[in-house]
Amino acid sequence: MKTAVYPGSFDPVTFGHLDIIRRAAAMFDRLNVTVMINTAKTPLFLTEERVKILQDATSQIPNVTVDSYHGLLIDYCRDKGIHIAIRGLRAITDFEYELQIAQTNKELSHGDLDTVFLTTDLRYSYLSSSTVREIASFGGDVSALVPDFVEKMLYSKYRKEEN
Ligand code: ADP
């Protein structure tokens, strides 16, 4: 059985991520979507919230499992017996950063972890979680960028922050 992992911050998941998830899930027997806990970043959504959002957003895709991990991706993959990580590419700027990470993971895992890149759907090439957060923080319309229930959660987060 071929399992791949799609790691990321997903703060929050966008239609760009969901497009990558759908396409990767069609290529592998199982896809683990893993919220990587990065202590250097202060996320808008708690890890548990991001996991729940991803679970709800992917509930129609039977071979997708959502979890979270605090640690190195290579350690997660070793524990789970996974040899392929999926990452998305939007632009050349993503490529430079992603190539460095992919090579680091390959090196650190002694060749055990390969990265497969999926290019973004052109509709989502400009889309990032940080853009979504910024638009929502000013009350802007993000309905074309994230699922409805995520849009509602974004507005309620920012309303709470204001109070
Ligand atoms: P990270 O903080 O690890 O970059 P993100 O949640 O921002 O986590 O992104 C996870 C992965 O999804 C990265 O490989 C990123 O390039 C990719 N990604 C993000 N947005 C899009 C998009 N709109 N289209 C395709 N890939 C995307």
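Matching residues to (1) within 14 Å of the ligand (Cβ to nearest atom); (2) farther than 23 Å from M1 by Cβ; (3) open to solvent by 30 Å² or more (accessible area, probe 1.4 Å):
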residue	(1), (2), (3)
I82	no, no, no
Q103	no, yes, yes
L108	no, yes, yes
D114	no, no, yes
L122	yes, yes, yes
S129	yes, yes, no
V132	yes, yes, no
D141	no, yes, yes
A144	yes, yes, yes
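In segment 28-51, of all residues being more than 11 Å from F10 (Cα to Cα) and among the charged types (D, E, K, R), the one that is farthest from the chain's Cα centre (by Cα) corresponds to D29.
Here the condition is being farther than 29 Å from I74 by Cα and touching a residue at least 12 places away in the same chain (Cβ under 8 Å); of E162, E151, it holds for E151 alone. For I61, the stated conditions hold: it is assigned to a loop (DSSP other than H, G, I, E, B), aliphatic (A, V, I, L, M) and away from the ligand (no atom under 13 Å from the Cβ). Within segment 64-92, residues that are farther than 19 Å from A40 by Cα have Cβ atoms under 6 Å from residues that are open to solvent by 40 Å² or more (accessible area, probe 1.4 Å) and among the aliphatic types (A, V, I, L, M) in these pairs: I84/V116; I86/V116, counting only partners at least 6 apart in sequence or on another chain.
Scanning segment 3-46 for residues that are within 11 Å of the ligand (Cβ to nearest atom) and in a helix (DSSP H, G or I) yields a count of 9. Among the residues making up segment 107-122, those that are without any contact (Cβ under 8 Å) to a residue 40 or more places away in the chain and either over 21 Å from S9 (Cα atoms) or among the hydrophobic types (A, V, I, L, M, F, W, C) (or both) are E107, L108, S109, H110, G111, D112, F117, L122. Among the conditions (1) in contact with a Leu (Cβ under 8 Å, 6 or more places away or on another chain); (2) open to solvent by 30 Å² or more (accessible area, probe 1.4 Å); (3) closer than 27 Å to L154 by Cβ, the only one that Y6 does not satisfy is (2). The criterion of being modelled with pLDDT under 95 and either more than 14 Å from the ligand (Cβ to nearest atom) or in a loop (DSSP other than H, G, I, E, B) (or both) does not hold for K52. Selection of segment 22-50 for residues being in contact with a helix residue (DSSP H, G or I) (Cβ under 8 Å, 6 or more places away or on another chain) and farther than 17 Å from M153 by Cα yields L31, N32, V33, T34, V35, M36, I37. Just name the residue that is surrounded by the fewest Cβ atoms within 10 Å (Cβ to Cβ) out of those in segment 84-95 that are aliphatic (A, V, I, L, M) and either within 10 Å of the ligand (Cβ to nearest atom) or at pLDDT 95 or above (or both). Looking at residues that are aliphatic (A, V, I, L, M) and either within 10 Å of the ligand (Cβ to nearest atom) or at pLDDT 95 or above (or both), I get A91. When segment 55-80 is filtered for residues that are open to solvent by less than 20 Å² (accessible area, probe 1.4 Å) and over 13 Å from V5 (Cβ atoms), only T58 remains.
The values are calculated or read from the model by the stated rules, or taken from the named source; none is laboratory data. Note that this is a predicted model, so its numbers are computed, not measured. Positions of Cβ are backbone-derived with ideal geometry, glycine not excepted, and every protein chain shown enters the neighbour counts. Only protein heavy atoms, including side chains, enter the accessible area calculation; ligands, DNA and RNA are left aside. Shrake-Rupley method; radii C 1.70, N 1.55, O 1.52, S 1.80 Å.
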